[in-house]
Amino acid sequence: MSALKESDLRLFVDSVRRYFDVTSHIEPEITSAYLGVDAVPGHDFNGIVSFSGRYRGQVVVSLPAAALKELLLIQKETDLSQNSLLDAVGEIANTLAGNARRSLGKDLEISVPKVVHGKPSGGARTRLHPYVITFRWNRYPGVVCVDLAEAA
């Protein structure tokens with residue numbers, strides 16, 4: 001499996017910026033982008049979208065509860081239950097996946113987001129070193145892990 005190109009990876013950085021800017025009018029600060037070598041950092045709410053077709057793997061969006069609550073409050077949402085937080089992180093993951101499909105090809109198949117409360121496990125990886133984007137939005141940290149490779 002071959003690696004994503006820099007331009008392919010940039011689309012995820014741009015998607016993170018655009019998502020938060022559009023939904024909250026607060027652009028996140030990208031704090032780092034690197035190849036993960038050990039355990040990828042994560043927070044307590046995770047949205048995971050799996051990819052198949054030309055690219056295989058997954059993208060994980062990970063945010064703390066406080067960030068998701070703040071985002072929902074900015075959007076005038078009053079239900080701040082755990083289910084609403086899971087829905088919110090799933091929506092973010094789904095939006096990033098949809099943006100990836102537009103850039104990486106319409107034949108790219110994406111799953112319905114899987115949402116997980118709790119630190120993500122270090123499960124099987126598609127790539128030895130996934131691409132990790134860390135950011136800070138409205139004081140809160142966040143992580144997007146892009147573990148995709150082009151199918152052979």
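Summary of values
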{"quantity": "Lone unmet requirement of (1) polar (S, T, N, Q); (2) part of a helix (DSSP H, G or I); (3) out of contact with any Leu (no Cβ under 6 Å at 6 or more places or on another chain); (4) under 16 Å from Phe12 (Cα atoms) for Ser62", "calculated": "(2)"}
{"quantity": "Lys76, sole failed condition from (1) modelled with pLDDT of 95 or more; (2) part of a strand (DSSP E or B); (3) charged (D, E, K, R)", "calculated": "(2)"}
{"quantity": "Verdict on Ala149 being modelled with pLDDT under 95 and at negative phi", "calculated": "yes"}
{"quantity": "Neighbours by Cβ (under 6 Å, 6+ apart or cross-chain): first from the range 102-118, farther than 13 Å from Glu150 by Cβ; second polar (S, T, N, Q) and not in a helix (DSSP H, G or I)", "calculated": "Glu109/Ser52; Ser111/Ser50; Val116/Asn46"}
{"quantity": "Considering residues of the range 44-57 that are assigned to a strand (DSSP E or B) and more than 9 Å from the chain's Cα centre (by Cα) only, the residue modelled with the lowest pLDDT", "calculated": "Tyr55"}
{"quantity": "The range 1-32: number of residues that are under 17 Å from Phe135 (Cα atoms), surrounded by 18 or more Cβ atoms within 10 Å (Cβ to Cβ) and more than 13 Å from the chain's Cα centre (by Cα)", "calculated": "1"}
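The values are calculated or read from the model by the stated rules, or taken from the named source; none is laboratory data. Keep in mind that this is a model prediction, so the values were computed, not measured. Methodologically, a virtual Cβ is constructed for each residue, glycine included, from the backbone with ideal geometry; neighbour enumeration extends over all protein chains shown.
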